[in-house]
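S.K.: Please see the structure below; I have some questions.
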Amino acid sequence: MEPQGERSPLPSVRTAVVGASGYSGQELLRYLARHPVFRLSLVTSRQNAGQPLSEFVHGLPRDLASLTFVDAAPDFALAEQADLFFLAVPHGAAAPYAVALREAGKTVVDLSADFRTTDPSVYREFYDHDHPAPALLAEAVYGLPEIHRERLRSARLIAAPGCFPTSIILPLAPFLRPPSPILPRSIVATSLSGVSGAGRKLETRLLFGEIADNMYAYGVPKHRHLGEIEQELSLAAGEKITMTFVPHLVPMHRGMLSTISADFDRALASYPMTDMDVFNVLQDAYGQEPFVEVLPPGKMPEARAVANSNRIQVAARVDGRTNRLLLFSSLDNLGKGNASQAIQAANLALGLDETSGVA
């Protein structure tokens, strides 16, 4: 009999990170190093095969730092080396791994965009090529725990959301659920992102001399993340949502700040709304969420307040002069906007406390 007051240790889950040398992969490694259940057993990187993790990721425990990158093809041999796989490779490259690993019965969390949109025609519209594995789209669950928590509990293929979508969907979705107090066609979102959101790659626009003391809009008017943003907002609204989204790159390594605005519907009985009314909408939606901080009137989200965490700050204000709702959010694009949220979703899928390893 187990001694009173003691608990049996949780069984470990063999965990692999495919594409572990990029920003997303490195952030996954840092979180997984302190996870109580997920035990890192394999890390892959084609260009860094044979190199130790310690050369790329600092501060890891000695047993993990001594692991070496391997170049692993998407096949049965790879599937045999772990039970949980995080795919931190670019869109298009993740799908072959997901196909092979799901055929082997493994749980897959894909941090790329390959399985975020459920309609293959939407994928083609935003990524300019046919979906590489359309047969798996129906199985994939969009990995936003605050929206899809119950579906994630039985998910075996999780599409981890993008950073921009997380920062926009979470504050906006509660205001689109019927009866919505806003006019959906009037939605405009702008987001500021640190350069790590563009990935770890050699491009002139991402060089220090180009981004230092500089900022600019990009991906206008049809950034790739719009497909998943509009998909999830349409689900919340119960109707097709089309919106304007303008992302900006700013001279900081990590962090994200988003501002969303929309016209109020004057025809609704709830009109006009006050700052406390819109605060209560967010508080009712997220007041019990472990990683969402709803700020009261008078306080605004800040990138520094959520840096290196799985938290998102959200706030709402009323602009009575222009009859518009103003929403704000801040998150760490490598944390809640990426790696730590992927682990939060994986926790749910494997029946763990969703805060394990990311609190």
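The values are calculated or read from the model by the stated rules, or taken from the named source; none is laboratory data. Quick caveat: nothing in here was measured; it's all calculated off a predicted structure. Quick reminder, even Gly has a Cβ in these numbers, built from the backbone with ideal geometry, and neighbours come from all protein chains shown. Please note that ligands, DNA and RNA were not included when accessible areas were found on the heavy atoms of the full protein model with its side chains. Shrake-Rupley method; radii C 1.70, N 1.55, O 1.52, S 1.80 Å.
S.K.: On a full-extension model of 0.36 nm per residue, what is the gain between SER41 and ASP119, subtracting their alpha-carbon distance, rounded to one decimal in nm?
M.R.: Once the chain is fully extended between SER41 and ASP119, it gains 24.7 nm.
S.K.: Follow-up. Stokes-Einstein D for the chain at 25 °C, 0.890 mPa s, Kirkwood Rh over Cα pairs, in µm²/s?
M.R.: 116 µm²/s
S.K.: Give the residue from VAL43, LEU233, SER330 lying farthest towards the positive end of the charge dipole for the chain; charges sit on Cβ (+1 for Lys and Arg, -1 for Asp and Glu) and the dipole is referred to the Cα centre.
M.R.: SER330
S.K.: Which FRET efficiency value, to the nearest 0.05, is calculated for SER234 and ASP75 with the Förster distance at 41 angstrom and r the Cβ-Cβ distance?
M.R.: It comes out at approximately 0.65.
S.K.: With 20 Å as the cut-off, how large is the P(r) tail for segment 1-116, expressed as percent of Cα-Cα pairs?
M.R.: Tail of the P(r) past 20 Å holds 41 percent of the pairs.
S.K.: Of SER154, ALA104, ALA305, whose Cα points farthest to the positive end of the dipole of the chain (charges on the beta-carbon: +1 Lys, Arg; -1 Asp, Glu; origin at the Cα centre)?
M.R.: It is ALA305, whose Cα lies furthest towards the positive end.
S.K.: Moving on. Once you charge only the Cβ atoms, +1 for Lys and Arg and -1 for Asp and Glu, what is the size of the charge dipole of the chain about its Cα centre, to the nearest 20 debye?
M.R.: The dipole of the chain has a size of about 360 debye.
S.K.: Suppose every Lys and Arg Cβ carries +1 and every Asp and Glu Cβ carries -1, with no other charges. What dipole size does segment 299-340 come out with about its Cα centre, to the nearest 20 debye?
M.R.: Around 140 debye, computed over segment 299-340.
S.K.: Using a Förster distance of 30 angstrom, determine the FRET efficiency expected from the C-beta separation of MET300 and VAL220, and round it to 0.05.
M.R.: Details: r = 25 Å, r/R0 = 0.83.
For MET300 and VAL220, the calculated efficiency is 0.75.
S.K.: Over the chain, with a Gaussian network built from C-alpha contacts below 10 Å, which listed residue (SER330, SER340, SER12) shows the highest mean-square fluctuation?
M.R.: Of SER330, SER340, SER12, the most mobile in the Gaussian network model is SER12.
S.K.: Quick one: if the Förster radius is 30 Å, what FRET efficiency do HIS253 and SER54 give, using the C-beta to C-beta distance and rounding to 0.05?
M.R.: 0.90
S.K.: In nanometres, what is the gap between the two model label sites at ALA93 and THR190, each 7 Å from Cα along Cα-to-Cβ?
M.R.: Once both label points are built, they end up 3.4 nm from each other.
S.K.: Once the whole set of protein chains is in place, how much accessible area is left on GLU80, using a 1.4 Å probe, in Å² to the nearest 10?
M.R.: 100 Å²
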